[in-house]
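Chemist: One structure follows; several queries about it will come next.
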Amino acid sequence: MKSKLLSLLFLGMATSIFSQQNNANENIDPSKPTNLYTQVNVQAELNSYKGFSTYGTRVNFQYDLNPDNLILAEVPLLYNSETKEFGLSDTRVRYFNVRRMNSKTLFALAPFVDIYMPTGKSAHGLGGGTWSLSAGLIAGLGFSKDVSMFPGVSYVYLTESGKSGMQIQSNVSLKFSDKTFVFFNPSAIFINSGVTWQGELDVNQIIIQNKFKANIGWLPNFTDKVNTFRIGVTFFM
């Protein structure tokens, strides 16, 4: 199963090389999540838990079927400092659709389906041991040329426990220049009577326009007192 998932990922990456390139006369704008581009993201990751940590590499491949439809596959390879085990963590697959709106304020609506598969061994501390299935909607709101917001809501279902709930986010994008932008995304997950408060701060710098950018991120889980740190690069195809 794991080898098949990795094979599909690398096949998709190889296929994208032969896909149509971005128009050299039109600069892409990755500061807006509703702008869809074929890209490969490679990140070093550290997850700090109480008394132990996991760290490794996360590869995220995104393929734009067309300007309004995108498929994402994410494969993390992690090492657990407590169990001394290394391997595949839980894999993610996402489908994202964008409906363009004729308004400067509400410029997009984006329904999506998000699936986390329990490909990581929970006994080794590398996975959650459950399928996580969610479906929801994100809105693209423009306040100025440099400030936009992408609030979203989704239904979440966990197969192992049979529990379900709702996740909300209020992702804010701030552009400091044509090459520098930041995402700030507080969010909350409501499962039954419990709530998990999370956040994300992601700083991005375009190094080569339309081709290459770098990023550094902090993703805290305030409820469970877990901190995730990522640093990586993105190649636009």
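The values are calculated or read from the model by the stated rules, or taken from the named source; none is laboratory data. Because the structure is a prediction, the values reported are computed rather than measured. FYI the Cβ positions are ideal-geometry reconstructions off the backbone, even for glycines, and counts take in every protein chain you see. Keep in mind that these areas ignore ligands, DNA and RNA; they rest on the heavy atoms of the full protein, side chains included. Shrake-Rupley method; radii C 1.70, N 1.55, O 1.52, S 1.80 Å.
Chemist: Helix 2-17 versus the longest principal axis of the chain: what is the Cα-based angle in degrees, 0 to 90, to the nearest 10?
Modeler: Rounded to the nearest ten degrees, it is 10.
Chemist: Next question, about the same structure. What number comes out for the charge environment of L109, summing +1 per Lys or Arg and -1 per Asp or Glu over other residues with Cβ under 13 Å away? Kindly include the intermediate steps, with their values, before the conclusion.
Modeler: Working: positive: R99, R100; negative: D68.
Taking every other residue near L109 into account, the sum is +1.
Chemist: Mind telling me which of P67, P151, P220 comes out most flexible in a GNM of the chain, alpha-carbon contacts under 10 Å?
Modeler: Checking each option, the largest mean-square fluctuation is seen for P67.
Chemist: Lys/Arg Cβ at +1, Asp/Glu Cβ at -1, dipole of region 35-236 taken about the Cα centre: which of S122, Q169, A73 is farthest positive-ward?
Modeler: Ranked along the dipole, the leading option is Q169.
Chemist: Hey, another quick one. Of (i) 17.4, 50; (ii) 17.8, 53; (iii) 20.1, 67, which one was derived for Rg and Dmax of the Cα atoms in Å from the structure shown?
Modeler: Computed from these coordinates, Rg and Dmax of the Cα atoms in Å corresponds to label (ii).
Chemist: Could you count how many Lys pairs in the chain have their Cα atoms under 14 Å apart, skipping same-chain pairs fewer than 8 positions apart?
Modeler: Lysine pairs meeting the criterion: 12.
Chemist: Something else about it: Averaged per residue, what accessible surface does region 117-237 expose to a 1.4 Å probe, in Å²? Don't skip to the answer; put the middle values down first.
Modeler: On the way: 6190 Å² over 121 residues.
Computed with neighbouring chains in place, this is 51 Å² per residue.
Chemist: Let me ask something else. Over the alpha carbons of region 162-237, what is the largest minus smallest coordinate on each principal axis, giving the biggest first in Å?
Modeler: Taking max minus min along each principal axis of the Cα atoms, region 162-237 gives 47, 23, 20 Å.
Chemist: Can you compute the FRET efficiency between F143 and L109 using 1/(1 + (r/R0)^6), with r the Cβ-Cβ distance and R0 = 25 Å? Round to the nearest 0.05. Walk me through the numbers before you get to the answer.
Modeler: On the way: r = 17 Å, r/R0 = 0.68.
E between F143 and L109, to the nearest 0.05, is 0.90.
Chemist: Given R₀ = 41 Å, what would the calculated FRET efficiency be for A44 paired with W131, taking r from the Cβ atoms and rounding to 0.05? Let's see the in-between values first.
Modeler: On the way: r = 27 Å, r/R0 = 0.65.
Here the calculated transfer efficiency is 0.95.
Chemist: How much net charge surrounds G140 when only the other residues with a Cβ under 15 Å from the Cβ of G140 are counted, with Lys and Arg +1 and Asp and Glu -1?
Modeler: Details: positive: K32, R99, R100, K104, K145, K175; negative: D29, D68, D146.
Net local charge, G140 excluded: +3.
Chemist: Continuing with this model, one more query. With every protein chain present, what accessible area does T159 have (1.4 Å probe, heavy atoms only), rounded to the nearest 10 Å²?
Modeler: 60 Å²
Chemist: Summarise the accessible area of region 35-236 (1.4 Å probe, protein heavy atoms) by the percent that is carbon and sulfur. Intermediate values should be presented prior to the final figure.
Modeler: Details: 6260 of 10130 Å².
Carbon-and-sulfur percentage of accessible area, whole number: 62.
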